[in-house]
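To start, I am sharing the structure in question, which I have written as structure tokens.
The values are calculated or read from the model by the stated rules, or taken from the named source; none is laboratory data. These figures come from a predicted structure and were not determined experimentally. Cβ coordinates were reconstructed from backbone atoms using ideal geometry, including for glycine residues, and neighbour counts include every protein chain displayed.
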Amino acid sequence: MKDQPPKLAERLFKLLGSGAFLEDLLGDLHEMYLFKRKSSGKLSANIYYWYQAFRMLLSYAIIKRKRERSLSPYTQSQKHNIMLFNYLRISVRNIAKNKTFTLLNIFGLGLGMSIGLLALATYMELTRFDRFHQDAGDIYRITTRIQENGSKDHFASAPTALSYLAAEQLTGVEQYVHINDHFFPRVKTAGEPLRLNGYFTEPAFLDMFGFPLASGSKSALTKPDMVILTQEAAQRLFGDKPALGRSIETENQGILQVGGVLAPFPKNTHFAFDVLTGFSANHGLNESNPTNWTRFYGNYFYLKTDLRPSQIEAQLASMAHSGESFFEEKNMEASYSLQSILAINPGKDLEDGLGVVFDSPGMYMFFGLALLILIPACLNYGNMAVANALKRSKEIGIRKIMGSPNRQIVHQFLVETVLICMVAVLLSIFMFDLIRNEILGMLAGGTALSFVLSPNLLLIFFLFAILTGIVTGLLPALYFSRITPIKALRNTVNNQRISISGLRKGLLVFQFVLSLAFMIGIGVLLKQYRVSLNFDQGFERENVLVLPIKPEDQPLIANAMSSAPAITDMSFTSSIPGIPLGRALYFYNGNGLDSVLARVVFTDDKFIDHMNIDMEWGSGALMETEFEQVLVNQQLMGRLANIRGEAADSLLAEMAGGKKVRIAGVIKDYNHEPLNQRIEPMVVRLGESELTYALFSIRTNDIVSTMTDLEARWENLFPEEPFQATFLDNEIEKAYSFFIVGIKIFGFLAMLAITISCLGLLGMVIFTTENRKKEVAIRKTLGAGSMRLLYSLSGLFFRMWVIALFIAIPLSYLYYDKIMMRVYNKFSGGVGFSEVALSSLLTLSLGMIAIVVQSTKVMRTNPAENLRND
Amino acid sequence: MKGYLGEFEELVLLTIANLDREAYGVAILQHISESANRKLSLGALHSTLARLEEKGYLGSYLGQPSATRGGRRKRHFVLTSEGISELNKMKSLRDQLWKGSKINLQLK
């Protein structure tokens, strides 16, 4: 039919007049429409229809009909809240009736949603990034697009030359600031040097962005060697004492004066810095050169303007002409655009990004992962609900016969799933709370996120739960609403589909494979962790106390502590054994062409003896002689022999800078670094000015009084400094904390996979048992034993389990032994029999429990129950 | 009396009487707009019809569907005996008033 009245108007009319009898009115409207259309064309007919429909809705005719409708007891009530209350009541009754079912579903959906919550929370926080700066919407930065040999790159940074031109010549710009992010002072402290991340910038930085000063003044950014610290950095460096005016001694930037401390500011900004300094400080180190066009890594230009970005971009394009020749030399072409700071997170994945950037593709991946986990959980719920159809079919049949339309059945199921999801989301929120710190620790830039459970976020979570509920409930709802009442009442709902499709079996096998793989992973990690902690790394680690010190205090401390009765031995070193080494230097062969990189440990002359490190040759006691004496490990000795060939004096080596050293001893290779590092070439040197740790061997029966004694001695010497002694085993344990993180994450994933796969299995088992109720009943009445069903179900499950094993075991062997252990450096057995056996048995027993419980339930029912109605 | 019968209501009742079996929404609307030259919306008409039905002057039944109505049924309206007696009362009142007129109402 071509001449149809406007669909939308018709639909709207039906919707707004819902419940009332509209057929004759719609017919009248339709007839008038056709009449109008013939006489005055389509447009005016449409207008006429809309107008008439609208008038009709307001007319007494419809009002009266609606009123009559709502009084009628056998038809749908207009009072939705009453109906909703009914849905809720029936839902609660159903939920209470199937407690195990509900519990399992809540568990499955709760776990499934937890990753979704994480993704949502991340996204929500990112959208609030950098909003706390004043007029944040007006702040932009210049980004650069480079075209080179057909490849295109988009950089967050901009040429310095352009930024200086822009600062001088741009019109309509309120404020601007240059930033260079290559300021990394390494602060000398007791123990490891503290590496700070900082920006070279201008006083305008503090005007433009919402980083208020707590003390000092922004003019510090114009004076040489002055810095402004964040509150956290000041706390780390100086504790609770005022930092203003103090000086910081660094390894690479000389001595810096603290000219200001920032007040605490919100974490959700893309700027990530501990310290700010002016461009005047250490000018040679950055590339903020006004004539520099093509080397712009790490140089950023932010500006604030009321104008539209396109107006600034037009000005920039004309300024860019003076730089074109520089780019042409390198066969490059550059163009510039503005990026709002609000668009940085989540934003495009730009090259050379500043600070914390979560790019949109990454966010999509995150959401994808969340869906990947949520969808199986939803499908399992649907499957289980459908499998449970027989229990519900009578209710539906009766409701339908009493005149309830399909819509009401759909609503009933949606309300039920939403209700379950609302409970499940509580569990997810709990899970979210549990794992958020681990996740934040793993995410690059996780420090900028807080994941605080604000009321807003909770509201979003609940909306997400409602949405999940609706989507999840749709499958069972549609399935049930289509059941004809006769079928429903005769209990023949599922009869046409007795067998389980191959696809569902495949899905289940896949879920089992995943759970097996994750469980084996936990086993492997646990084993690695246990072995790492108990491994004899080749040095003394029992009862050794580690104390971070300042190198210049070393003689004082040695003197004060040697008289302590509990200390049996002591030595000093630049790095704790068992902890990764930060320093390395090159050894050269005679002509300086070939080299070996060796890690460096500075010690005193007692270190080797004290730590009980075995020597291959020579003695651990080093002396200062004509050439510096060093100890090398076997690795380094071997490599040196390789590159030097047959040198005249094999014990004379040349280090970086042409310094000649004499090898006074060869150490048997031992794991000075954590076990996940291979044993690398290493050199031990004497170096009084580098000794940042004291190691004490303790023998005592009363550890508490010993510690108080040592602390008293320390406070006697340095009343200002805290006493930070720890035991070496604790330090080593900390070095392996990444295993704990790994185990936690694997544990979470395994729990997820196991729960979801078990729910899937349960759904399948229920489906089968419910469908075979009659068969079992007839067999039973004919005198069959009741084990038959159990056998056949177990057989089915067993086959799937074996297939899953055959896939999972080689897969995890391949992954854990060949790939992951490459990264973690294999030193335990890797995938062993016990891990595989344990995880297989666990899945098997969980599956069997599901089967046994369900089939005994079917078998124990009196056969008469199942046959009575036929 | 079951309430006051308005001029438009009387018009609708008489139109229904004129149309007899063909008295349904659109037909009534068209008849009124042709004979009385009035612009009228469906909504207003149906409001009046609903009121008249409520007062008991009208009854209705659903007829046959037709293609010009998108396959929907018509609602036919018929006068009830109360409706007819009400019309008669109105007419006799009117006749009485005409007769009693002291001036000549005849058009010349």
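Is there a residue in the range A:193-202 that is more than 24 Å from A:F238 (Cα to Cα) and either modelled with pLDDT of 85 or more or touching a Gly at 6+ places or on another chain (Cβ under 8 Å) (or both)?
yes
Which condition number does A:A735 fail, the rest of (1) within 33 Å of the chain's Cα centre (by Cα); (2) surrounded by fewer than 17 Cβ atoms within 10 Å (Cβ to Cβ); (3) over 30 Å from A:V513 (Cβ atoms) being met?
Failed condition: (2).
If you don't mind, there's one more thing I want to ask. Among the residues of the range B:75-85, are any more than 14 Å from chain A (Cβ to nearest Cβ) and in a strand (DSSP E or B)?
yes
Can you go through B:K102, B:K89 and tell me which one is loosely packed, with under 14 Cβ neighbours inside 10 Å, free of Cβ contacts under 8 Å to residues at least 24 places away in the same chain and basic (K, R)?
Step by step, each of B:K102, B:K89 is checked, and only B:K102 is loosely packed, with under 14 Cβ neighbours inside 10 Å, free of Cβ contacts under 8 Å to residues at least 24 places away in the same chain and basic (K, R).
Please verify whether A:F432 is more than 20 Å from A:G110 (Cβ to Cβ), of a type in the set (F, W, Y) and either at pLDDT 85 or above or buried (at least 17 other Cβ atoms within 10 Å of the Cβ) (or both), treating the condition exactly as stated.
For A:F432, the condition - more than 20 Å from A:G110 (Cβ to Cβ), of a type in the set (F, W, Y) and either at pLDDT 85 or above or buried (at least 17 other Cβ atoms within 10 Å of the Cβ) (or both) - is not met.
Would you point out the residue of the range B:30-47, among those that are of a type in the set (S, T, Y) and at the interface with chain A (Cβ under 8 Å from one of its Cβ atoms), that is surrounded by the fewest Cβ atoms within 10 Å (Cβ to Cβ)?
Ranking the candidates gives B:S41 first.
Which one of these does B:H46 not meet: (1) outside any helix (DSSP H, G or I); (2) within 25 Å of A:A53 (Cβ to Cβ)?
(1)
Among what's in the range A:699-713 and is over 42 Å from the mean Cα position of the chain (by Cα) and hydrophobic (A, V, I, L, M, F, W, C), pick the residue that is surrounded by the most Cβ atoms within 10 Å (Cβ to Cβ).
Among those residues, the one meeting the criterion is A:L710.
I'd like to verify a number: residues in the range A:397-417 that are in a helix (DSSP H, G or I) and more than 11 Å from A:A477 (Cβ to Cβ), how many?
Residues flagged as in a helix (DSSP H, G or I) and more than 11 Å from A:A477 (Cβ to Cβ) within the range A:397-417 amount to 5.
Hey, among the residues in the range B:15-29 that are small (G, A, S) and within 13 Å of chain A (Cβ to nearest Cβ), which one's surrounded by the fewest Cβ atoms within 10 Å (Cβ to Cβ)?
The residue in question is B:A27.
Something else: Just to be sure, is A:N456 of a type outside the set (G, A, S), exposed (fewer than 15 other Cβ atoms within 10 Å of the Cβ), at pLDDT below 80 and closer than 30 Å to A:P266 by Cβ?
So A:N456 does not fit the description; no.
Rundown of residues vs (1) modelled with pLDDT of 85 or more; (2) assigned by TED's automatic domain parsing to the domain that holds A:V765; (3) closer than 20 Å to A:Q854 by Cβ; (4) not hydroxyl-bearing (S, T, Y), yes/no style:
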| position | (1), (2), (3), (4) |
| --- | --- |
| A:Y791 | no, yes, yes, no |
| A:G795 | no, yes, yes, yes |
| A:L805 | yes, yes, no, yes |
| A:Y813 | no, yes, no, no |
| A:R822 | no, yes, no, yes |
| A:F827 | no, yes, no, yes |
| A:E835 | no, yes, no, yes |
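Another one. In the range A:846-857, is there at least one residue being of a type outside the set (G, A, S), surrounded by 19 or more Cβ atoms within 10 Å (Cβ to Cβ) and either at pLDDT below 75 or not in a helix (DSSP H, G or I) (or both)?
No, the range A:846-857 contains no residue that is of a type outside the set (G, A, S), surrounded by 19 or more Cβ atoms within 10 Å (Cβ to Cβ) and either at pLDDT below 75 or not in a helix (DSSP H, G or I) (or both).
Sticking with this one: Here is a list: A:L514, A:L508, A:L526. Which entry is within 26 Å of the chain's Cα centre (by Cα), at pLDDT below 80 and either of a type outside the set (D, E, K, R) or over 30 Å from A:N105 (Cβ atoms) (or both)?
A:L514
Please find, within the range A:607-632, the residue that is surrounded by the most Cβ atoms within 10 Å (Cβ to Cβ) out of those that are at pLDDT below 85 and in a loop (DSSP other than H, G, I, E, B).
A:L622
Something else: Report yes if some residue within the range A:364-381 is assigned to a helix (DSSP H, G or I), buried (at least 21 other Cβ atoms within 10 Å of the Cβ) and at pLDDT below 80; otherwise report no.
For the range A:364-381, residues assigned to a helix (DSSP H, G or I), buried (at least 21 other Cβ atoms within 10 Å of the Cβ) and at pLDDT below 80: present.
Taking A:L316, is it of a type outside the set (S, T, Y), outside the structural domain of A:F301 (by TED's automatic domain parsing) and at pLDDT 80 or above?
No; evaluated as a whole, the condition is false for this residue.
Name the residues in the range A:17-48 that are more than 10 Å from every other protein chain (Cβ to nearest Cβ) and surrounded by 15 or more Cβ atoms within 10 Å (Cβ to Cβ), would you?
Answer for the range A:17-48, where residues must be more than 10 Å from every other protein chain (Cβ to nearest Cβ) and surrounded by 15 or more Cβ atoms within 10 Å (Cβ to Cβ): A:G17, A:G19, A:A20, A:K36, A:R37, A:A45, A:N46.
Can we say A:L710 is touching a residue at least 60 places away in the same chain (Cβ under 8 Å) and either under 16 Å from A:T603 (Cα atoms) or in a loop (DSSP other than H, G, I, E, B) (or both)?
No, not satisfied.
Scanning for something modelled with pLDDT under 85, buried (at least 16 other Cβ atoms within 10 Å of the Cβ), closer than 18 Å to A:E731 by Cβ and of a type outside the set (S, T, Y), does the range A:567-578 turn up at least one residue?
Checked against the condition, which is being modelled with pLDDT under 85, buried (at least 16 other Cβ atoms within 10 Å of the Cβ), closer than 18 Å to A:E731 by Cβ and of a type outside the set (S, T, Y), the range A:567-578 yields at least one hit.
Given the residues B:A27, B:A17, which is the only one that is touching a Leu at 6+ places or on another chain (Cβ under 7 Å) and farther than 20 Å from A:R55 by Cβ?
When all the criteria are applied, what remains is B:A17.
Ok, one more. Is there a residue in the range B:57-72 that is of a type in the set (A, V, I, L, M, F, W, C), at the interface with chain A (Cβ under 10 Å from one of its Cβ atoms) and assigned to a helix (DSSP H, G or I)?
Checked against the condition, which is being of a type in the set (A, V, I, L, M, F, W, C), at the interface with chain A (Cβ under 10 Å from one of its Cβ atoms) and assigned to a helix (DSSP H, G or I), the range B:57-72 yields at least one hit.
A further question follows. Go through the range A:2-16 and report how many residues are assigned to a loop (DSSP other than H, G, I, E, B) and either more than 9 Å from chain B (Cβ to nearest Cβ) or under 15 Å from B:P65 (Cβ atoms) (or both).
Residues that pass the stated criteria total 3.
Show the residue pairs that are 6+ apart or on different chains and have beta-carbon atoms under 7 Å apart, the first residue being within the range A:192-220 and without any contact (Cβ under 8 Å) to a residue 12 or more places away in the chain, the second being surrounded by fewer than 23 Cβ atoms within 10 Å (Cβ to Cβ) and basic (K, R).
That search, which allows pairs on different chains as well, returns A:R195/A:R186.
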